[in-house]
Amino acid sequence: MVETPVKTRPTAVLFACNLNAVRSPMAEALMKHYFGDRIFVDSVGVRAGYPDPFAMAVMAEIGLPIEDHEPKSFEELQDTSFDIVISLTPEAQHKAVELTRTEALEVEYWPTYDPTAVQGSRDQVIEAYRKVRDDLAAQIKARFGEKEE
């Protein structure tokens, strides 16, 4: 099996989704965990939502609490000097591409399932959130390499 080489690591990454309440805060926390202060990381939504208790729960399971995360929109960004924007939803991809009109940055689209769409028991819902968390962790490792010590 041939491994895909890891692309060069950027110095600043922005994760984007619809409400900045589930997927992008998870990705932000994971990226910060893996790369600490070596890469500046932030996250936004097309619109600012509300903190999601299931997202908080599954991130706390792995020791990465996100309850202090305050969802924000693209318009609320204080700094737009990112090397790359990673959008996790079609709506966020559209907004990220709009940024390239005024900023020189790379945009990547990582289609990511919306666990808020899952209906069923609490266990079924939590499992959907865990899958998103674990998929994001795998994508981050594949794109940027393993955790640095």
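Here are some notes:
One line per residue, one yes/no per condition, for (1) at pLDDT below 95; (2) under 12 Å from ALA16 (Cβ atoms); (3) β-branched (Val, Ile, Thr):
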{"residue": "GLY45", "(1), (2), (3)": "no, yes, no"}
{"residue": "MET56", "(1), (2), (3)": "no, no, no"}
{"residue": "ALA60", "(1), (2), (3)": "no, no, no"}
{"residue": "GLN93", "(1), (2), (3)": "no, yes, no"}
{"residue": "THR112", "(1), (2), (3)": "no, yes, yes"}
{"residue": "ARG122", "(1), (2), (3)": "no, no, no"}
{"residue": "ALA128", "(1), (2), (3)": "no, no, no"}
{"residue": "LYS131", "(1), (2), (3)": "no, no, no"}
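- Test: residue in region 84-100 that is over 26 Å from PRO10 (Cβ atoms) and of a type in the set (Val, Ile, Thr): no
- Considered as a group, the residues in region 37-53 that are in a strand (DSSP E or B) and among the hydrophobic types (A, V, I, L, M, F, W, C) include one that is farthest from PRO71 (Cα to Cα), and that residue is PHE40.
- Scanning region 45-83 for residues that are over 17 Å from THR112 (Cα atoms) and of a type in the set (A, V, I, L, M) yields ALA48, MET56, ALA57, ALA60, ILE62, LEU64, ILE66, LEU77.
- A count restricted to region 72-97 and to residues that are in a helix (DSSP H, G or I), buried (at least 16 other Cβ atoms within 10 Å of the Cβ) and either in contact with a helix residue (DSSP H, G or I) (Cβ under 7 Å, 6 or more places away or on another chain) or of a type in the set (A, V, I, L, M) (or both) stands at 4.
- Hey, ASP123 within 14 Å of the chain's Cα centre (by Cα), part of a helix (DSSP H, G or I) and free of Cβ contacts under 8 Å to residues at least 24 places away in the same chain or not: no
The values are calculated or read from the model by the stated rules, or taken from the named source; none is laboratory data. These numbers come from a predicted model, not from an experiment. Because the Cβ atoms are built from the backbone with ideal geometry, glycine has one as well, and the counts that use them run over all protein chains shown.
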